[in-house]
Amino acid sequence: MNILNKSIYVAALLVVAAFTNTQAQDFNPNPFPDRVILTWKGNTATSQTVTWRTDTTITGSKAQIKAEDSSPALEDAITTYDADSRLLSGGKNYATAKYHNVTFNNLKPATVYAYRVGAGEHWSEWFQFTTASDQDKPFSFIYLGDAQNDIRSKWSRVIRRAFSHEPDARFIIHTGDLINRSNNDQEWGEWHYGGGFINGMVPSMPSPGNHEYVRDEKRKLILDPHWGVQYTLPGHGPAGLEESVYYIDYQNVRVISLDSQMIILDEASAKIQYEWLEKVLKENTKLWTVITFHHPIFSTAKSRDNKEFRDRFKPLFDKYHIDLVLQGHDHTYSRGQNLPRGLSGREASGPVYLVSVAGPKMYKVDGAKWMNVSLENTQLFQVIHVDGGKLKFEAYKTSGELFDAFSLKKSGRENAAEFTDMNPAAKQ
(Lines give C-alpha, C1' and ligand atoms only; values in the text may rest on other atoms or scores of the structure.)
Protein backbone atom coordinates (compact mmCIF):
# COMPACT_ATOMS: atom_id res chain seq x y z
CA MET A 1 0.00 0.00 0.00
CA ASN A 2 1.54 3.36 -1.02
CA ILE A 3 1.69 6.34 1.34
CA LEU A 4 -1.26 8.12 -0.29
CA ASN A 5 -3.53 5.09 -0.15
CA LYS A 6 -2.40 4.32 3.39
CA SER A 7 -3.29 7.87 4.49
CA ILE A 8 -6.72 7.60 2.90
CA TYR A 9 -7.25 4.21 4.55
CA VAL A 10 -6.25 5.50 8.00
CA ALA A 11 -8.46 8.57 7.60
CA ALA A 12 -11.40 6.36 6.63
CA LEU A 13 -10.83 4.17 9.69
CA LEU A 14 -10.81 7.22 11.93
CA VAL A 15 -14.09 8.46 10.43
CA VAL A 16 -15.69 5.04 10.87
CA ALA A 17 -14.37 4.76 14.43
CA ALA A 18 -15.69 8.18 15.35
CA PHE A 19 -19.10 7.40 13.84
CA THR A 20 -19.22 4.00 15.51
CA ASN A 21 -18.28 5.49 18.87
CA THR A 22 -21.05 8.06 18.55
CA GLN A 23 -23.61 5.47 17.56
CA ALA A 24 -22.56 2.88 20.14
CA GLN A 25 -22.75 5.01 23.29
CA ASP A 26 -25.26 2.87 25.14
CA PHE A 27 -24.43 3.77 28.77
CA ASN A 28 -24.61 0.12 29.85
CA PRO A 29 -23.27 -0.69 33.34
CA ASN A 30 -19.89 -2.35 33.83
CA PRO A 31 -17.76 -3.36 36.85
CA PHE A 32 -16.32 0.13 37.25
CA PRO A 33 -18.43 2.66 39.18
CA ASP A 34 -20.29 5.23 37.12
CA ARG A 35 -23.13 7.75 37.72
CA VAL A 36 -21.42 8.84 40.93
CA ILE A 37 -23.62 11.49 42.55
CA LEU A 38 -23.74 13.28 45.90
CA THR A 39 -26.98 13.90 47.79
CA TRP A 40 -27.84 14.12 51.48
CA LYS A 41 -29.71 11.87 53.88
CA GLY A 42 -28.56 13.60 57.04
CA ASN A 43 -26.88 16.66 58.48
CA THR A 44 -25.11 18.67 55.79
CA ALA A 45 -22.33 19.77 58.17
CA THR A 46 -21.43 16.31 59.47
CA SER A 47 -22.48 13.84 56.77
CA GLN A 48 -22.48 13.29 53.03
CA THR A 49 -24.26 10.66 50.94
CA VAL A 50 -22.89 9.21 47.69
CA THR A 51 -24.62 6.88 45.22
CA TRP A 52 -23.14 5.06 42.22
CA ARG A 53 -23.88 2.30 39.75
CA THR A 54 -22.16 -0.92 38.60
CA ASP A 55 -23.15 -4.07 36.79
CA THR A 56 -24.39 -7.09 38.75
CA THR A 57 -20.98 -8.81 38.94
CA ILE A 58 -19.95 -6.48 41.76
CA THR A 59 -20.59 -7.63 45.31
CA GLY A 60 -19.43 -6.07 48.55
CA SER A 61 -19.13 -2.54 47.15
CA LYS A 62 -17.42 0.04 49.37
CA ALA A 63 -16.58 3.70 49.75
CA GLN A 64 -13.43 5.18 51.21
CA ILE A 65 -12.95 8.68 52.63
CA LYS A 66 -10.32 10.84 54.27
CA ALA A 67 -9.88 14.47 55.17
CA GLU A 68 -8.05 16.10 52.26
CA ASP A 69 -4.43 16.83 53.15
CA SER A 70 -3.19 17.46 49.58
CA SER A 71 -0.82 14.51 49.77
CA PRO A 72 -0.64 12.18 46.74
CA ALA A 73 -0.37 9.23 49.12
CA LEU A 74 -4.09 8.66 49.49
CA GLU A 75 -3.54 5.66 51.71
CA ASP A 76 -3.32 6.86 55.31
CA ALA A 77 -6.15 7.73 57.70
CA ILE A 78 -8.75 6.30 55.35
CA THR A 79 -12.12 5.17 56.66
CA THR A 80 -13.88 2.44 54.69
CA TYR A 81 -17.66 2.06 54.56
CA ASP A 82 -19.68 -0.91 53.33
CA ALA A 83 -22.33 0.13 50.81
CA ASP A 84 -26.01 -0.64 50.76
CA SER A 85 -26.95 -1.98 47.33
CA ARG A 86 -30.20 -2.11 45.38
CA LEU A 87 -31.00 -3.93 42.16
CA LEU A 88 -32.70 -2.11 39.30
CA SER A 89 -34.23 -4.67 36.97
CA GLY A 90 -37.30 -5.52 34.95
CA GLY A 91 -37.37 -2.54 32.62
CA LYS A 92 -37.57 -2.95 28.87
CA ASN A 93 -35.57 0.24 28.32
CA TYR A 94 -32.69 -0.43 30.69
CA ALA A 95 -30.23 -3.14 31.58
CA THR A 96 -30.27 -4.75 35.01
CA ALA A 97 -27.81 -2.89 37.26
CA LYS A 98 -26.80 -2.43 40.88
CA TYR A 99 -26.98 0.93 42.60
CA HIS A 100 -24.89 1.39 45.72
CA ASN A 101 -24.98 4.11 48.37
CA VAL A 102 -23.03 5.13 51.45
CA THR A 103 -23.58 7.93 53.93
CA PHE A 104 -20.33 9.20 55.43
CA ASN A 105 -21.03 10.20 59.05
CA ASN A 106 -19.18 11.96 61.88
CA LEU A 107 -17.52 14.41 59.50
CA LYS A 108 -16.09 17.77 60.50
CA PRO A 109 -17.97 20.90 59.42
CA ALA A 110 -16.45 23.19 56.77
CA THR A 111 -13.90 20.55 55.80
CA VAL A 112 -12.70 19.27 52.43
CA TYR A 113 -12.81 15.50 52.06
CA ALA A 114 -11.52 13.13 49.39
CA TYR A 115 -13.43 9.95 48.64
CA ARG A 116 -13.72 7.12 46.14
CA VAL A 117 -16.14 4.24 45.56
CA GLY A 118 -15.71 0.73 44.22
CA ALA A 119 -14.77 -2.85 45.00
CA GLY A 120 -11.84 -5.19 44.40
CA GLU A 121 -9.94 -3.95 41.36
CA HIS A 122 -12.72 -1.65 40.21
CA TRP A 123 -12.59 1.81 41.77
CA SER A 124 -13.59 5.31 40.78
CA GLU A 125 -11.19 8.22 40.79
CA TRP A 126 -10.84 10.20 44.01
CA PHE A 127 -13.45 12.97 44.25
CA GLN A 128 -13.70 15.90 46.66
CA PHE A 129 -16.55 17.56 48.53
CA THR A 130 -16.79 20.19 51.27
CA THR A 131 -19.08 19.85 54.28
CA ALA A 132 -21.34 22.71 55.31
CA SER A 133 -20.21 25.00 58.08
CA ASP A 134 -21.89 24.79 61.46
CA GLN A 135 -21.75 28.59 61.49
CA ASP A 136 -23.70 31.06 59.34
CA LYS A 137 -21.00 31.51 56.66
CA PRO A 138 -21.55 32.90 53.13
CA PHE A 139 -22.20 30.32 50.40
CA SER A 140 -23.78 29.96 46.97
CA PHE A 141 -25.90 27.37 45.18
CA ILE A 142 -27.10 26.77 41.62
CA TYR A 143 -30.67 26.42 40.32
CA LEU A 144 -31.39 24.68 37.00
CA GLY A 145 -34.73 24.32 35.24
CA ASP A 146 -35.76 21.45 32.95
CA ALA A 147 -33.04 19.55 31.07
CA GLN A 148 -35.42 17.09 29.35
CA ASN A 149 -34.36 16.97 25.65
CA ASP A 150 -31.03 16.66 23.80
CA ILE A 151 -29.49 16.26 27.21
CA ARG A 152 -26.03 15.08 26.23
CA SER A 153 -25.80 17.33 23.19
CA LYS A 154 -27.29 20.63 24.37
CA TRP A 155 -27.97 20.60 28.13
CA SER A 156 -24.51 19.46 29.18
CA ARG A 157 -22.91 22.80 28.35
CA VAL A 158 -25.36 24.61 30.65
CA ILE A 159 -24.54 22.69 33.82
CA ARG A 160 -20.85 22.86 32.94
CA ARG A 161 -21.02 26.61 32.38
CA ALA A 162 -22.86 27.01 35.68
CA PHE A 163 -20.13 25.05 37.45
CA SER A 164 -17.32 26.99 35.77
CA HIS A 165 -19.06 30.22 36.75
CA GLU A 166 -19.63 29.15 40.37
CA PRO A 167 -17.16 26.31 41.06
CA ASP A 168 -17.57 26.57 44.83
CA ALA A 169 -21.37 26.19 44.68
CA ARG A 170 -22.47 23.98 47.58
CA PHE A 171 -25.40 22.25 45.86
CA ILE A 172 -27.49 22.24 42.69
CA ILE A 173 -31.30 22.34 42.63
CA HIS A 174 -32.95 20.59 39.65
CA THR A 175 -36.63 21.48 39.24
CA GLY A 176 -37.91 18.39 37.43
CA ASP A 177 -38.11 16.93 33.91
CA LEU A 178 -34.48 15.94 34.12
CA ILE A 179 -35.23 13.50 31.29
CA ASN A 180 -37.99 13.24 28.66
CA ARG A 181 -39.08 9.60 28.75
CA SER A 182 -39.65 7.91 32.08
CA ASN A 183 -37.85 4.57 32.61
CA ASN A 184 -35.42 5.30 29.75
CA ASP A 185 -31.88 4.48 30.84
CA GLN A 186 -30.33 6.06 27.75
CA GLU A 187 -31.67 9.44 28.80
CA TRP A 188 -30.58 9.00 32.40
CA GLY A 189 -27.18 8.05 31.02
CA GLU A 190 -27.08 11.32 29.09
CA TRP A 191 -28.07 13.26 32.21
CA HIS A 192 -25.28 11.73 34.27
CA TYR A 193 -22.86 12.17 31.36
CA GLY A 194 -23.73 15.85 31.14
CA GLY A 195 -23.10 16.43 34.83
CA GLY A 196 -20.06 14.16 34.87
CA PHE A 197 -17.63 14.78 37.72
CA ILE A 198 -19.70 17.78 38.85
CA ASN A 199 -22.30 15.37 40.27
CA GLY A 200 -19.57 13.68 42.27
CA MET A 201 -18.37 16.95 43.81
CA VAL A 202 -21.45 19.17 44.19
CA PRO A 203 -24.52 17.58 45.85
CA SER A 204 -27.80 17.52 43.92
CA MET A 205 -31.29 18.36 45.18
CA PRO A 206 -33.71 17.05 42.52
CA SER A 207 -37.49 17.41 42.33
CA PRO A 208 -39.47 15.12 40.02
CA GLY A 209 -41.47 16.50 37.10
CA ASN A 210 -44.21 15.05 34.95
CA HIS A 211 -41.67 13.35 32.68
CA GLU A 212 -40.30 11.31 35.58
CA TYR A 213 -43.74 9.70 35.87
CA VAL A 214 -45.64 7.12 33.82
CA ARG A 215 -49.01 5.41 34.32
CA ASP A 216 -49.11 1.65 34.76
CA GLU A 217 -51.70 -0.71 33.29
CA LYS A 218 -54.14 0.35 36.02
CA ARG A 219 -53.53 4.03 35.20
CA LYS A 220 -51.73 4.54 38.50
CA LEU A 221 -48.97 7.16 38.48
CA ILE A 222 -45.57 5.51 38.89
CA LEU A 223 -42.32 7.36 39.57
CA ASP A 224 -39.43 6.21 37.37
CA PRO A 225 -37.62 3.47 39.36
CA HIS A 226 -34.30 5.13 38.51
CA TRP A 227 -35.27 7.95 40.86
CA GLY A 228 -35.20 6.03 44.11
CA VAL A 229 -32.03 4.08 43.37
CA GLN A 230 -29.89 6.92 42.00
CA TYR A 231 -30.96 9.72 44.36
CA THR A 232 -30.44 8.73 47.99
CA LEU A 233 -32.50 11.35 49.83
CA PRO A 234 -33.62 11.89 53.46
CA GLY A 235 -36.70 9.65 53.17
CA HIS A 236 -38.74 11.71 55.65
CA GLY A 237 -41.50 12.74 53.24
CA PRO A 238 -45.15 11.77 53.73
CA ALA A 239 -46.16 8.13 53.38
CA GLY A 240 -45.83 6.93 49.80
CA LEU A 241 -43.76 9.95 48.79
CA GLU A 242 -40.61 9.31 50.79
CA GLU A 243 -38.44 9.25 47.66
CA SER A 244 -39.68 12.50 46.13
CA VAL A 245 -40.70 14.87 48.97
CA TYR A 246 -38.10 16.06 51.45
CA TYR A 247 -36.30 19.01 52.99
CA ILE A 248 -32.63 19.71 53.56
CA ASP A 249 -31.11 22.32 55.88
CA TYR A 250 -27.90 23.94 54.72
CA GLN A 251 -26.54 26.37 57.32
CA ASN A 252 -29.27 29.01 57.66
CA VAL A 253 -31.36 27.92 54.66
CA ARG A 254 -34.09 25.28 54.54
CA VAL A 255 -34.74 23.89 51.03
CA ILE A 256 -38.04 22.03 50.67
CA SER A 257 -38.82 19.86 47.65
CA LEU A 258 -42.42 18.98 46.74
CA ASP A 259 -43.74 16.48 44.19
CA SER A 260 -46.01 18.72 42.09
CA GLN A 261 -46.98 15.99 39.61
CA MET A 262 -48.73 14.18 42.44
CA ILE A 263 -50.20 17.44 43.75
CA ILE A 264 -51.65 18.26 40.33
CA LEU A 265 -53.05 14.80 39.54
CA ASP A 266 -53.81 13.14 42.88
CA GLU A 267 -56.06 14.80 45.47
CA ALA A 268 -55.00 12.52 48.31
CA SER A 269 -51.34 13.26 47.59
CA ALA A 270 -52.01 17.00 47.44
CA LYS A 271 -53.64 16.84 50.87
CA ILE A 272 -50.87 14.90 52.57
CA GLN A 273 -48.16 17.06 50.99
CA TYR A 274 -49.93 20.18 52.26
CA GLU A 275 -50.17 18.77 55.77
CA TRP A 276 -46.54 17.63 55.70
CA LEU A 277 -45.39 21.01 54.39
CA GLU A 278 -47.26 22.94 57.06
CA LYS A 279 -45.63 20.84 59.77
CA VAL A 280 -42.17 21.33 58.23
CA LEU A 281 -42.73 25.09 58.01
CA LYS A 282 -44.00 25.32 61.60
CA GLU A 283 -40.90 23.54 62.87
CA ASN A 284 -38.51 25.51 60.67
CA THR A 285 -35.88 27.53 62.56
CA LYS A 286 -33.87 28.70 59.55
CA LEU A 287 -33.77 32.33 58.47
CA TRP A 288 -34.25 31.61 54.75
CA THR A 289 -36.78 29.21 53.22
CA VAL A 290 -36.68 28.05 49.61
CA ILE A 291 -39.37 25.81 48.14
CA THR A 292 -38.80 23.97 44.87
CA PHE A 293 -41.08 21.89 42.65
CA HIS A 294 -41.83 21.40 38.97
CA HIS A 295 -45.20 22.91 37.95
CA PRO A 296 -45.39 26.70 38.43
CA ILE A 297 -48.30 27.94 40.48
CA PHE A 298 -48.05 31.14 38.42
CA SER A 299 -47.57 29.97 34.82
CA THR A 300 -46.12 31.83 31.84
CA ALA A 301 -48.86 30.34 29.62
CA LYS A 302 -52.61 30.72 30.07
CA SER A 303 -53.20 27.13 28.96
CA ARG A 304 -50.88 25.80 31.71
CA ASP A 305 -52.36 27.58 34.71
CA ASN A 306 -52.40 25.55 37.93
CA LYS A 307 -55.15 27.40 39.80
CA GLU A 308 -56.08 24.64 42.27
CA PHE A 309 -52.44 24.14 43.21
CA ARG A 310 -52.04 27.90 43.68
CA ASP A 311 -55.25 28.34 45.66
CA ARG A 312 -54.29 25.58 48.08
CA PHE A 313 -50.57 26.22 48.64
CA LYS A 314 -50.06 29.95 48.10
CA PRO A 315 -51.68 30.97 51.42
CA LEU A 316 -49.22 28.66 53.18
CA PHE A 317 -46.28 30.25 51.33
CA ASP A 318 -47.52 33.69 52.39
CA LYS A 319 -48.23 32.75 56.00
CA TYR A 320 -44.72 31.39 56.59
CA HIS A 321 -42.91 34.09 54.58
CA ILE A 322 -41.31 31.78 52.00
CA ASP A 323 -38.50 33.67 50.29
CA LEU A 324 -38.05 31.92 46.92
CA VAL A 325 -40.19 29.48 44.94
CA LEU A 326 -38.03 27.80 42.28
CA GLN A 327 -39.94 26.07 39.45
CA GLY A 328 -39.62 24.62 35.95
CA HIS A 329 -42.05 23.08 33.44
CA ASP A 330 -42.86 26.17 31.33
CA HIS A 331 -39.57 26.24 29.36
CA THR A 332 -39.17 30.00 29.63
CA TYR A 333 -37.67 32.38 32.16
CA SER A 334 -39.98 34.42 34.33
CA ARG A 335 -39.76 36.25 37.60
CA GLY A 336 -42.69 37.65 39.53
CA GLN A 337 -42.99 39.32 42.91
CA ASN A 338 -46.29 37.68 43.87
CA LEU A 339 -48.72 40.22 42.42
CA PRO A 340 -52.27 38.84 42.61
CA ARG A 341 -53.64 42.39 42.58
CA GLY A 342 -52.15 43.06 39.14
CA LEU A 343 -49.03 45.18 38.88
CA SER A 344 -49.84 47.54 41.75
CA GLY A 345 -47.33 46.21 44.24
CA ARG A 346 -45.85 43.18 45.95
CA GLU A 347 -47.66 41.49 48.80
CA ALA A 348 -45.59 42.06 51.91
CA SER A 349 -45.66 38.43 52.97
CA GLY A 350 -45.23 36.63 49.66
CA PRO A 351 -42.22 34.97 48.01
CA VAL A 352 -40.50 35.74 44.73
CA TYR A 353 -41.60 33.19 42.11
CA LEU A 354 -39.11 31.98 39.52
CA VAL A 355 -39.45 29.78 36.43
CA SER A 356 -36.42 28.80 34.36
CA VAL A 357 -35.23 26.35 31.72
CA ALA A 358 -31.77 24.84 31.23
CA GLY A 359 -32.47 22.47 28.33
CA PRO A 360 -33.13 23.32 24.66
CA LYS A 361 -36.89 22.73 24.52
CA MET A 362 -38.63 26.13 24.48
CA TYR A 363 -42.16 27.53 24.89
CA LYS A 364 -43.68 30.98 24.37
CA VAL A 365 -44.69 33.51 27.01
CA ASP A 366 -48.28 34.49 26.30
CA GLY A 367 -48.68 37.55 28.47
CA ALA A 368 -49.50 36.35 31.97
CA LYS A 369 -49.56 39.49 34.11
CA TRP A 370 -47.86 38.14 37.22
CA MET A 371 -44.41 38.49 35.63
CA ASN A 372 -42.07 41.44 36.03
CA VAL A 373 -39.34 39.85 33.92
CA SER A 374 -39.60 37.22 31.20
CA LEU A 375 -37.49 35.72 28.43
CA GLU A 376 -38.07 33.17 25.64
CA ASN A 377 -35.87 30.86 23.58
CA THR A 378 -32.89 31.05 25.94
CA GLN A 379 -31.09 28.43 28.04
CA LEU A 380 -30.16 29.73 31.48
CA PHE A 381 -28.65 28.91 34.83
CA GLN A 382 -29.14 30.70 38.12
CA VAL A 383 -26.83 31.35 41.06
CA ILE A 384 -28.09 32.26 44.53
CA HIS A 385 -25.71 33.81 47.07
CA VAL A 386 -26.54 33.74 50.78
CA ASP A 387 -24.68 35.88 53.28
CA GLY A 388 -26.36 36.14 56.68
CA GLY A 389 -29.48 38.26 56.27
CA LYS A 390 -28.72 39.04 52.62
CA LEU A 391 -29.62 36.91 49.60
CA LYS A 392 -28.72 37.74 46.00
CA PHE A 393 -30.28 35.99 42.98
CA GLU A 394 -28.61 36.08 39.54
CA ALA A 395 -29.92 34.58 36.29
CA TYR A 396 -27.35 34.02 33.54
CA LYS A 397 -27.68 33.14 29.90
CA THR A 398 -25.57 30.16 28.85
CA SER A 399 -23.13 32.63 27.26
CA GLY A 400 -22.37 33.88 30.77
CA GLU A 401 -24.24 37.16 30.29
CA LEU A 402 -26.13 38.35 33.36
CA PHE A 403 -29.80 38.69 32.43
CA ASP A 404 -31.67 39.28 35.69
CA ALA A 405 -30.83 39.93 39.32
CA PHE A 406 -32.44 40.96 42.58
CA SER A 407 -31.66 40.88 46.27
CA LEU A 408 -33.57 40.05 49.43
CA LYS A 409 -32.83 41.26 52.92
CA LYS A 410 -34.39 40.10 56.17
CA SER A 411 -33.70 40.36 59.87
CA GLY A 412 -35.86 37.55 61.20
CA ARG A 413 -37.73 34.42 60.14
CA GLU A 414 -41.05 35.91 61.22
CA ASN A 415 -40.69 38.76 58.70
CA ALA A 416 -40.98 38.86 54.94
CA ALA A 417 -37.82 39.78 53.05
CA GLU A 418 -37.23 43.25 51.67
CA PHE A 419 -36.96 43.05 47.87
CA THR A 420 -34.60 45.13 45.70
CA ASP A 421 -34.58 44.85 41.91
CA MET A 422 -30.96 44.91 40.76
CA ASN A 423 -31.62 44.75 37.04
CA PRO A 424 -34.39 47.24 36.20
CA ALA A 425 -33.41 47.34 32.53
CA ALA A 426 -34.58 43.72 32.21
CA LYS A 427 -38.18 44.58 33.22
CA GLN A 428 -40.90 44.18 30.62
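The values are calculated or read from the model by the stated rules, or taken from the named source; none is laboratory data. Keep in mind that this is a model prediction, so the values were computed, not measured. Virtual Cβ from ideal backbone geometry, glycine too; neighbours counted across all protein chains shown. In case anyone asks, the SASA skips ligands and DNA or RNA and just uses the protein heavy atoms, side chains included. Shrake-Rupley method; radii C 1.70, N 1.55, O 1.52, S 1.80 Å.
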Phi-derived 3J(HN,Hα) across region 286-298 with the Karplus relation (6.51, -1.76, 1.60, θ = phi - 60°), rounded Hz, x for Gly and Pro, is 7, 5, 9, 10, 10, 10, 10, 6, 8, 7, x, 7, 10
In degrees, nearest 10, the alpha-carbon axis of helix 267-283 is tilted away from the dominant principal axis of the alpha carbons of the chain by 80
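For Thr59 and Lys364, compute 0.36 nm times the residue count separating them, minus their Cα-Cα distance, and round to one decimal in nm. Before the final figure, lay out each step's value.
Details: separation 305, 0.36 × 305 = 109.80 nm, distance 4.96 nm.
Full extension from Thr59 to Lys364 adds 104.8 nm.
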So Asp150 and Phe32, fully extended at 0.36 nm per residue minus their Cα-Cα distance, gain in nm 39.9 nm
Each label sits 7 Å from Cα toward the beta-carbon; between Asn93 and Thr80 the label points are separated, in nm, by 3.9
Along principal axes, largest first, the alpha-carbon spread of the chain in whole Å comes out as 79, 53, 48
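Taking a probe of 1.4 Å, how large is the accessible area per residue of the chain, in Å²?
On a per-residue basis, the chain sits at 43 Å².
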Given Cβ charges of +1 for Lys and Arg and -1 for Asp and Glu, the option among Thr56, Leu324, Ser156 whose Cα lies farthest towards the positive end of the dipole of the chain is Leu324
Surpassing 20 Å at the alpha-carbon level, of the pairs Lys218/Lys307; Lys314/Lys369; Lys282/Lys390; Lys41/Lys137; Lys41/Lys154, are Lys218/Lys307; Lys282/Lys390; Lys41/Lys137; Lys41/Lys154
The extension gain from Asn377 to Ser303, computed as 0.36 nm times the residue separation minus the Cα-Cα distance, is 24.8 nm
Computed for the chain: size of charge dipole around the Cα centre, +1 on C-beta of each Lys and Arg, -1 on C-beta of each Asp and Glu, debye to nearest 20, value 820
Diffusion coefficient in µm²/s returned for region 230-306 by Stokes-Einstein, Kirkwood Rh over C-alpha pairs, 10 °C and 1.306 mPa s, is 119
The chain: relative contact order from alpha carbon pairs under 8 Å, six or more residues apart, as a whole percent, is 14
Residue-ordered couplings for region 40-54, obtained by feeding phi - 60° into the Karplus form 6.51 cos²θ - 1.76 cosθ + 1.60 and rounding to whole Hz (Gly and Pro as x), are 10, 9, x, 5, 6, 8, 10, 8, 7, 9, 10, 10, 8, 10, 9
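Net charge within 14 Å of Tyr81 by Cβ-Cβ distance, Lys/Arg positive one each and Asp/Glu negative one each, not counting Tyr81 itself? Spell out each step's value before the answer.
Numbers: positive: Lys41, Lys62, Lys66, Arg116; negative: Asp82, Asp84.
Once all neighbours under 14 Å are counted, the net charge is +2.
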Between Ser204 and residues 5 or more places away or on another chain, the pairs with built amide H atoms under 5 Å apart involve Leu38, Thr39, Ile172
Scalar couplings 3J(HN,Hα) for region 100-110 by Karplus 6.51 cos²θ - 1.76 cosθ + 1.60 (θ = phi - 60°), nearest whole Hz, x for Gly and Pro, are 10, 8, 9, 10, 6, 10, 6, 7, 8, x, 6
Expressed as a whole-number percentage, the relative contact order of region 170-222 with C-alpha contacts under 8 angstrom and at least six residues apart is 50
quick note, the chain, DSSP beta bridge pairs, % antiparallel (nearest 5) is 80
With a 1.4 angstrom probe the carbon and sulfur portion of accessible area for the chain, in percent, totals 50
